[in-house]
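Input: a single structure, listed below in structure tokens.
The values are calculated or read from the model by the stated rules, or taken from the named source; none is laboratory data. Here the structure is a predicted model, which means the values were calculated and not measured. Note: ideal-geometry Cβ built from the backbone for every residue, glycine included; neighbour counts use all protein chains shown.
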Amino acid sequence: MYSFYALISRMKNINRWALMRNSYTENVQEHSHMVAVLAHALAAINREIYGGAADPDRCASAALFHDASEIITGDMPTPVKYHNKEIMNAYKDMERLASEKLLSSLPRELQDSYRPILCDIDPETERIVKAADKLSAYIKCLEELKAGNGEFRLAAEQTREKLKEYKMPEVDYFMKNCVPAFELTLDELNFSVD
């Protein structure tokens, strides 16, 4: 019996932003879906607009599983995870071990297909997924602020600054051309077909 997919389905039971008051609860499965959508978008912008070599499909696949290790480790809040180098390095080691454990829960014949998106992510894909992860966090902050939850004000500012620090043209493009729509109401979004 192989438990990989049953374990992955448990991502929906892990809530994010545990130390903050939320207007709506976001779980790791929902977050991973959004990160996959954003990673695909960033990679497509990288390739189609800026002539880069990012692979949208590879980035989306890696993003779907980028937090899968949290099934074993749980979600550690960012302020704790990055409090100091010792904690950060210890958590990174735990994530790596958890990813290897998840990989081992697949049939041996499938492990080579999942290794590049679970354990051995190439640097370009990792760069895109990391940016998409941060972008997803920023969007969550904007949605919370739109709902009147000031608890996310500082997190939004800090996350926006971090996104600027990446100096990635695909992120800047998305921030300029796509993020403003997340601040609109449903009635303000134009999705009519002419």
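Per-structure values
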| item | result |
| --- | --- |
| Number of positions in region 91-105 that are within 15 Å of Tyr5 (Cα to Cα) and not small (Gly, Ala, Ser) | 4 |
| The listed residue being basic (Lys, Arg) and closer than 20 Å to Asp55 by Cβ, out of Lys167, Lys130 | Lys130 |
| Filter result (of a type in the set (D, E, K, R) and surrounded by fewer than 18 Cβ atoms within 10 Å (Cβ to Cβ)) within region 1-25 | Arg10, Lys12, Arg21 |
| Test set (1) under 17 Å from the mean Cα position of the chain (by Cα); (2) without any contact (Cβ under 8 Å) to a residue 12 or more places away in the chain - Ala41 fails condition number | (2) |
| Subset of region 12-65 (residues that are more than 14 Å from Glu124 (Cβ to Cβ) and acidic (Asp, Glu)) | Glu26, Glu30, Glu48 |
| Unique match (being at pLDDT 95 or above, exposed (fewer than 12 other Cβ atoms within 10 Å of the Cβ) and either over 29 Å from Phe174 (Cα atoms) or of a type in the set (Lys, Arg) (or both)) among Arg127, Arg108 | Arg108 |
| Unmet requirement for Arg16, which otherwise passes all of (1) free of Cβ contacts under 8 Å to residues at least 24 places away in the same chain; (2) in contact with a strand residue (DSSP E or B) (Cβ under 7 Å, 6 or more places away or on another chain); (3) closer than 18 Å to Leu142 by Cα | (1) |
| Criterion: over 17 Å from the mean Cα position of the chain (by Cα) and of a type outside the set (Asp, Glu) - qualifying residue of Arg108, Arg58, Arg96 | Arg108 |
| Yes/no for Tyr166 being hydroxyl-bearing (Ser, Thr, Tyr), surrounded by 11 or more Cβ atoms within 10 Å (Cβ to Cβ) and touching a residue at least 60 places away in the same chain (Cβ under 8 Å) | no |
| Yes/no for Glu48 being closer than 29 Å to Tyr173 by Cα, of a type outside the set (Lys, Arg) and out of contact with any Leu (no Cβ under 6 Å at 6 or more places or on another chain) | yes |
| Residue in region 150-187 that is nearest to Ala43 (Cα to Cα), counting only those that are part of a helix (DSSP H, G or I) and aliphatic (A, V, I, L, M) | Val171 |
| Failed item, numbered, when Lys81 is tested on (1) of a type in the set (D, E, K, R); (2) surrounded by fewer than 16 Cβ atoms within 10 Å (Cβ to Cβ); (3) modelled with pLDDT of 95 or more | (3) |
| Answer residue from region 91-105, given it is within 15 Å of Ile71 (Cβ to Cβ) and among the acidic types (Asp, Glu) and is surrounded by the most Cβ atoms within 10 Å (Cβ to Cβ) among those | Glu95 |
